[in-house]
Amino acid sequence: MKMRLTPTDGWTLGRVVVVGILAVGIGALVIADPPSLLIANAFGPKKGEPKFIAASNAFGSSGAVRLQVRMPGELFDFPLDISGADASPPYVWVKAEDSSAVMEPHTMTGTTVKAPVLPGFYRLALVTADGRKVIDSILVGVMVPFSTKLGSTLNGYKIGRYRWERFGGDASPPPVGFLQVLAEDSDMPVSAHLRLGVFVTHDQQDVWPKYIALDPRILDKIELVLADLGVKDFEMPMDVSSGFRTPLYNRTVPRAAGDSRHQYGDAADLAIDVDGDGRVTFADALAVARSVERVEHRHPELVGGLGLYGNRGTSPYVHIDVRGKPSRWRG
């Protein structure tokens, strides 16, 4: 996906305009306000009403991640601080596509909520005296469990078989589940600069729904790299050429590792015009690689693979992932 990162007046984290050049049906993204402001604006203080503030861990280390992934019916602490109320308000889940409610109101236990039981993308809405308040800065993706996959397919979508399925043993375990992506979901922002469709496998163009693995930590790492590179200073075109790959599709990619991290949803290939000269060169890729090293030094919880490509006849780009241990290579 090609996009152009441009500054805005009075730029702050989360207030970045992204103008996308259409690729594989993926569009553009404008984030108008940082997450904390989105919630503060939605829940303006009113005498006698509770106050809702995003918890400090809601948006990753970058402050720019919008997505959380959960299993069906999972109990989890929603990242929300509530004050000015004797009890937590009732909540409902609403569809991210049209804000229609998908359940009867439930009452929080502290900030603990129960994820919807059906796969899809949802937002939490709190039921107050003034009506339903949708927290639109946090997207919750409910996965289809891996165990639902039958052989090489999931609900008719061709995924293939992971090495763990074929060989077991020391092979990397497969993703615990997959996000179900409808055609209308592709433009959903999953971070300040990235849309969901960026991470969809490039084959089976006309097959919907699609299924992807996506680890929010890779979103966090990309956003931290962009911040480190200083996207606020000048226009910086970026191409995310590869997010999730099904094992089936991965076998068709030249020189792809048989156990590529792209199959696990925690990797991405980035080509960024760092110097803004209108083309991506090996020098740009080297600058991105150095940025990744700095980010990993500051955030060891996001350590992973770093592959530098483009000095052997290929287009320059950098592979990054969050596999949990350092790995370095040249391609």
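Quick notes on this structure:
- 1 or more residues touching a residue at least 60 places away in the same chain (Cβ under 8 Å) and at negative phi: qualifying strands (runs of 3 or more DSSP E) within segment 107-156: 120-128, 131-134, 139-145
- Set A268, A287, A283, A256: member being among the hydrophobic types (A, V, I, L, M, F, W, C), surrounded by 21 or more Cβ atoms within 10 Å (Cβ to Cβ) and assigned by TED's automatic domain parsing to the domain that holds V190: A268
- Failed condition for V231, given (1) of a type in the set (A, V, I, L, M, F, W, C); (2) over 19 Å from S62 (Cα atoms); (3) at pLDDT below 90: (2)
- Filter result (assigned to a helix (DSSP H, G or I) and not charged (D, E, K, R)) within segment 295-331: V295, H297, P300, L302
- If you go through segment 152-201 and pick out every residue that is closer than 19 Å to Q68 by Cβ, modelled with pLDDT under 95 and surrounded by fewer than 15 Cβ atoms within 10 Å (Cβ to Cβ), you end up with 0.
- The lone exception for V117 - which of (1) of a type outside the set (S, T, N, Q); (2) out of contact with any strand residue (DSSP E or B) (no Cβ under 6 Å at 6 or more places or on another chain); (3) closer than 30 Å to V240 by Cα; (4) not assigned by TED's automatic domain parsing to the domain that holds D220 it fails: (3)
- In segment 232-265, the residues that are in contact with a Leu (Cβ under 8 Å, 6 or more places away or on another chain), in a loop (DSSP other than H, G, I, E, B) and not hydrophobic (A, V, I, L, M, F, W, C): E235, G243, G265
- Any chance H262 is out of contact with any strand residue (DSSP E or B) (no Cβ under 8 Å at 6 or more places or on another chain) and either within 18 Å of K221 (Cβ to Cβ) or touching a residue at least 60 places away in the same chain (Cβ under 8 Å) (or both): no
- For segment 296-329, the tally of residues that are more than 16 Å from H262 (Cα to Cα), in contact with a strand residue (DSSP E or B) (Cβ under 9 Å, 6 or more places away or on another chain) and in contact (Cβ under 8 Å) with a residue 60 or more places away in the chain stands at 0.
One line per residue, one yes/no per condition, for (1) modelled with pLDDT of 95 or more; (2) over 15 Å from T112 (Cα atoms); (3) not assigned by TED's automatic domain parsing to the domain that holds D228:
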| position | (1), (2), (3) |
| --- | --- |
| A58 | no, no, yes |
| S61 | yes, yes, yes |
| I82 | no, no, yes |
| A87 | no, no, yes |
| D98 | no, yes, yes |
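- Residue, nearest to the chain's Cα centre (by Cα), within segment 164-220, restricted to residues that are in a helix (DSSP H, G or I) and over 15 Å from A268 (Cβ atoms): D185
- Answer residue from segment 62-92, given it is more than 20 Å from the chain's Cα centre (by Cα) and surrounded by 15 or more Cβ atoms within 10 Å (Cβ to Cβ) and is nearest to V142 (Cα to Cα) among those: V92
- Segment 131-189, residues that are acidic (D, E) and in contact with an Asp or Glu (Cβ under 6 Å, 6 or more places away or on another chain): E184
- Scan of segment 308-326 for residues that are under 22 Å from the mean Cα position of the chain (by Cα) and surrounded by fewer than 20 Cβ atoms within 10 Å (Cβ to Cβ), ordered by number: R323, G324, K325, P326
The values are calculated or read from the model by the stated rules, or taken from the named source; none is laboratory data. None of the values given here were measured: they were computed from a predicted structure. Glycine also receives a Cβ, built like all others from the backbone with ideal geometry; neighbour counts cover every protein chain displayed.
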